[in-house]
Amino acid sequence: MCVGDVGRVAAGSAGGAAAELVEGGPRRAVSMAVLVLEGTRVAVGDWVEVHTGLAVGVLDEAEARARLAALDEAGALGPAPASG
């Protein structure tokens, strides 16, 4: 299973090829190429799912907050214990 990151769009580039995200981690730039190719419109304030630096889907706020909570909880578990 792949775990995607989640972020809220704070700013977009002209033409929509890239966006700057906040929340869900440090402020960072991601490619919007997948969503642009799909014809999906994304606006400032929208939540997106990110995988390996590419925004791959748009989420509603409730789903985004639930995923952020799950990611936070998983991170709070700390590293897996060493075996052996």
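The values are calculated or read from the model by the stated rules, or taken from the named source; none is laboratory data. Because the structure is predicted, anything quoted here is derived from the model rather than measured. Positions of Cβ are generated from backbone atoms using ideal geometry, with glycine treated the same way; all protein chains shown enter the neighbour counts. Only protein heavy atoms, including side chains, enter the accessible area calculation; ligands, DNA and RNA are left aside. Shrake-Rupley method; radii C 1.70, N 1.55, O 1.52, S 1.80 Å.
Leu68 satisfies every condition listed in (1) open to solvent by less than 50 Å² (accessible area, probe 1.4 Å); (2) part of a helix (DSSP H, G or I); (3) at pLDDT 90 or above; (4) of a type outside the set (Asp, Glu) except (3). Taken over region 19-34, the criterion of being more than 15 Å from Trp47 (Cβ to Cβ) and modelled with pLDDT of 85 or more is satisfied by Ala29, Ser31, Ala33, Val34.
Among residues of region 23-47 that are in contact (Cβ under 8 Å) with a residue 40 or more places away in the chain, those with a Cβ under 7 angstrom from a residue that is part of a helix (DSSP H, G or I) and open to solvent by less than 90 Å² (accessible area, probe 1.4 Å), sequence gap 6+ or separate chain, pair up as Gly24/Leu68; Trp47/Ala64. Out of curiosity, is Ala18 touching a Ser or Thr at 6+ places or on another chain (Cβ under 7 Å) and at negative phi? Answer is yes for this residue.
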